[in-house]
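Note sheet for the following structure.
The values are calculated or read from the model by the stated rules, or taken from the named source; none is laboratory data. Just so it is clear, the model here is predicted, and its values are computed rather than measured. Methodologically, a virtual Cβ is constructed for each residue, glycine included, from the backbone with ideal geometry; neighbour enumeration extends over all protein chains shown.
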Amino acid sequence: MIHIEAAGVDGLLARAVAGTDHVHLVDGGADREEIYDRFAEALLFPEWFGRNLDALLDCLRDVADRHDHPWTLVWRPGRHDAPDPHLETEGTGTDAGVLEVLSDLDGEYADLSIVVADR
């Protein structure tokens with residue numbers, strides 16, 4: 001998993017628009033529920049998505065299994081003002097549980113690059 005400055009995401013997206021890279025962007029998420037919403041919307045999760053970390057990993061595996069070429073998953077965590085009991089790093093929107101899921105996924109798929117845009 002790679003952490004980059006938010007401005008670095010623009011270059012990845014430009015390559016995706018140019019057709020040289022396959023990139024999925026998941027943008028934001030102020031708390032865990034909104035993070036689930038953002039992943040589900042961006043990656044077209046099925047309606048049965050269970051809205052927990054295990055279900056997130058299962059759905060991300062389904063997305064990864066549909067790719068037959070290298071691809072990149074970019075998550076730009078959102079910022080939030082209200083403390084969330086699920087978040088270890090208050091104020092950044094970077095949910096430690098979601099980062100763990102992304103790390104697990106990254107270790108399972110050689111053709112997948114995961115980028116977390118630090119704000």
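Could you say whether any residue in region 77-92 is among the β-branched types (Val, Ile, Thr), at pLDDT below 90 and surrounded by 18 or more Cβ atoms within 10 Å (Cβ to Cβ)? No; the residues of region 77-92 include none that is among the β-branched types (Val, Ile, Thr), at pLDDT below 90 and surrounded by 18 or more Cβ atoms within 10 Å (Cβ to Cβ). For region 56-75, filtering for residues that are exposed (fewer than 15 other Cβ atoms within 10 Å of the Cβ), of a type outside the set (D, E, K, R) and either touching a Ser or Thr at 6+ places or on another chain (Cβ under 9 Å) or in a helix (DSSP H, G or I) (or both) leaves 1. Inside region 25-52, residues that are surrounded by 14 or more Cβ atoms within 10 Å (Cβ to Cβ) and without any contact (Cβ under 8 Å) to a residue 12 or more places away in the chain make up a count of 1.
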